[in-house]
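The structure appears below as structure tokens.
Any read-out appearing in this document is the output of simple, stated calculations on the displayed coordinates, not a laboratory observation. Remember, it's a predicted structure, so these values are computed and weren't measured experimentally. Virtual Cβ from ideal backbone geometry, glycine too; neighbours counted across all protein chains shown.
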């Protein structure tokens, strides 16, 4: 595990720092209302509440907002495990697949439990010097615990040569 993950976790889960980060680096996430519900080495939860700014014409959450929240739930691991690495590791989303099961209204939580897989993939990438890809899953649930959507985000990692 990246020894700097705890530093990243502390910074990104600070509500003021996360709000500033979104405003500067991810303005769409800022305006859509994404929030971190939980982040540890194993699980990441990103929450977003259905509202006027992120709705579709069918009075539910727009699919792109759901995709953004799902990607962030997987990306928190990717960023946290590459944070201040030596050698640095580049990362990129190379594919995304989504499935939708019911209208997303109210508070929707996107949960990814692939933290250990991301860590193992990045460690292998650094050890071998070869690029790796990894599929991470994020499940969106409503306040009643019903699955509203699921996403498979494929990440690519590559250690940079110093």
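Quick notes on this one:
- Ordering 13, 128, 141 by the number of other Cβ atoms within 10 Å of each residue's own Cβ, fewest first, gives 128, 13, 141.
- Mean separation of Cα contacts under 8 Å (6+ apart) over length of the chain, as relative contact order %: 25
- Helix 15-25 axis versus longest C-alpha principal axis of the chain: approximately 80°, rounded to the nearest ten.
- In terms of its Cα atoms, the chain spans 50, 32, 23 Å along the principal axes, sorted from long to short.
- In nm, spacing of pseudo-spin labels at residue 107 and residue 92 (7 Å Cα→C-beta vector): 3.7
- The chain, helix-only ellipticity at 222 nm - DSSP H runs n ≥ 4, -39,500 (n - 2.57), divided by all residues, nearest 500: -11500 deg cm²/dmol
- Nearest-0.05 FRET efficiency for residue 43 and residue 64, computed from C-beta distance (R0 35 Å): 0.90
- As a calculated quantity, the FRET efficiency between residue 30 and residue 162 at R0 = 45 Å, using C-beta atoms, amounts to about 0.85.
- Residues listed by number, the stretch 74-97, amide nitrogen under 20 Å from residue 20 label point at 7 Å toward C-beta: 80, 83-84
- Cβ-based exposure ranking for 155, 52, in which fewest neighbours within 10 Å come first: 52, 155
- Efficiency of FRET between residue 133 and residue 85 - r from beta-carbon atoms, R0 25 angstrom, step 0.05: 0.90
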